[in-house]
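This report concerns only the one structure given below.
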Amino acid sequence: MKQTIPTYDLNGISRHRFHVKRMDKRTQDAEDIILLDKGIHRDSHYIFTCMESGHVRMMVDFKTVESKEAGIFCVLPGQVHQGLLMKDVCGWFVAVKAELVPDTVRSFFDESLGEIQPMPIDKSLIKKINTTAGILHASYTDEMLSSKEGFLVVQSLLNAFLGMFALIYSRKNLPPASGENRALQLSRTFRSLVRKDFKTSKSPSEYAEILNITRGYLTEAVREATGKPAQHWIHQEILIEAKRLLVFTNLSVKEIAYELGYSDHTYFSRLFSKLEDQSPSEFRNLHQNKH
């Protein structure tokens, strides 16, 4: 067992801030890409995969996700994941550091109110994405990346590839053509803030103050957009990180409480038990032996 969940960046794979790779049924190559051999880990970058055919199964934040044949999927920075199966995969894999992902794409994925699941798409759409990936791959050379002009071309191709993912997911995940009403806008901003600040800010009042609105208005808006009150989403963020640390590290419950911003570890234990119907230790015992 490790003290922390390992986080990998792209430095071991690429000298650049992104990496493009073609997969052609060579499972070994695919294993290098998704890091099947690295076990449970996080990445500090985004992973975007466009699959023409094959079969992939992964664990992402305690849920098994699966993709077969033509489809797209992505893993966001910080998500705990593990490759479980990769068979006969054909397609493209692109790993990108956050600073190279356009703001519109990043905010869509980071603030998405729906879970980012693997998505089957039709072959004609796969072909468009693959064409873009192919040109990106051909331009992904030291020569191109060494000049400002060359890098601009590569960045534009990368933006086109990533933009297609956001477009496809947005059509699937967002409410149709109702526009961004105030409640939805607020919920997105609030959820984005919570992901950044949940260790230091734990009450809706603190977020309401940052957003310059009343606690009541925030809670009402978030409930309207998501069906859950604001406090639920703060607790969710705390819970998922607590679960990651309980299962994937050997930090004590007291150390985990401190890591999550609680000076009183008994309060943290009571909160966890109330939300999960089991104590942190029981959760750890139940899940740790599976890994």
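The values are calculated or read from the model by the stated rules, or taken from the named source; none is laboratory data. Not measured: the values here are computed from a predicted model. Here the Cβ is made from the backbone with ideal geometry for all residues, glycine too, and neighbour counts use every protein chain on show. The accessibility values were calculated without ligands, DNA or RNA, using every heavy atom of the protein model including side chains. Shrake-Rupley method; radii C 1.70, N 1.55, O 1.52, S 1.80 Å.
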Between N159, N212, N250, where does the largest GNM mean-square fluctuation fall for the chain, given springs only between Cα atoms within less than 10 Å? N212
Placing +1 on each Lys and Arg Cβ and -1 on each Asp and Glu Cβ in segment 197-257, then taking the dipole about the Cα centre, the residue among V222, S203, L239 whose Cα reaches farthest towards the positive end is L239
Dipole magnitude of the chain, debye to nearest 20 (Cβ charges: Lys/Arg +1, Asp/Glu -1, about Cα centre): 280 debye
Given springs between every Cα pair under 10 Å in a Gaussian network model of the chain, which of A98, A166, A138 has the largest fluctuation? A138
Computed over segment 7-172, protein heavy atoms only, probe 1.4 angstrom, the accessible area per residue in square angstrom equals 46 Å²
Accessible surface of the chain, 1.4 Å probe, proportion on carbon and sulfur as whole %: 51 percent
Kirkwood-based Rg/Rh on the Cα set of segment 123-272 evaluates to 1.13
Residue-averaged [θ]222 nm for the chain, counting only DSSP H segments that reach four residues, each worth -39500 (n - 2.57): -15500 deg cm²/dmol
Between K25, K199, K274, find the one with the highest GNM mean-square fluctuation for the chain; connect C-alpha pairs within less than 10 Å. K274
Quote to one decimal, in nm, the extra length available between L85 and R270 on full extension: 0.36 nm per residue of separation minus the C-alpha distance between them. 62.9 nm
Point-charge dipole on Cβ atoms (K/R +1, D/E -1) for segment 7-172, about Cα centre, debye to 20: 280 debye
Taking R0 as 22 Å, what FRET efficiency do you get between H16 and R171 from their Cβ-Cβ distance, rounded to the nearest 0.05? 0.10
Probe 1.4 Å, accessible area per residue of segment 182-289, Å²: 51 Å²
Per principal axis, descending, Cα span of the chain in whole Å: 55, 46, 36
Please list E66, E237 from largest to smallest accessible area, probe radius 1.4 Å, with all protein chains kept in place. E66, E237
